[in-house]
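Values in this text are rule-based calculations from the coordinates and carry no lab data. Keep in mind that this is a model prediction, so the values were computed, not measured. Glycine gets a Cβ as well: all are built from the backbone with ideal geometry, and neighbour counts include every protein chain shown.
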Amino acid sequence: MRKFLISAALVSTALTAAPAMAQDYGRPGYDQRDDHRGDHRGDWNRNGPSRQAINELLRDLDRVEARIERSVQRRIISRREAFGLRREASQIRFQLNRAMRNGINNREFFALRAQVNRLEARLRDERNDRDGRRY
């Protein structure tokens, strides 16, 4: 009986000590903020663009994708041209989502903004190239 009580005490001690060992006790980790301003609004954009700028970039990307679809429906651009434009738009969206997951900085934001601007310019060029269609 004594051996059983000792083993039960050891098991209960191990089970209660395990959660305490999982605490980080001030070591820098995932949830710890290095922000010394005292303001903890979230770390999705450490010293990066504002949420409004990100939303505007997403709206511009949505607008370009809608213009691509409209241009295909009106037969202003070919399906092949639309495929390349859609692929580029989805790559930009993927890069934006990946950057936001780790916290987007200004350099990444402006690179993505430049890619969206280039996509808009490419769409404009494809719409105006008149390669044998319409007129």
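Side notes on the structure shown:
- Taking the Kirkwood radius as Rh and the Cα radius of gyration as Rg, the range 66-119 has a ratio of Rg/Rh equal to 1.10.
- For the range 90-102, the Karplus equation 6.51 cos²θ - 1.76 cosθ + 1.60, evaluated at θ = phi - 60°, returns couplings of 5, 5, 5, 4, 4, 5, 5, 5, 5, 5, 5, 5, 9 Hz by residue, with Gly and Pro reported as x.
- Projecting the Cα atoms of F110, F94, F83 onto the charge dipole of the range 83-129 (Cβ charges, centred on the Cα centre) puts F94 farthest toward the positive pole.
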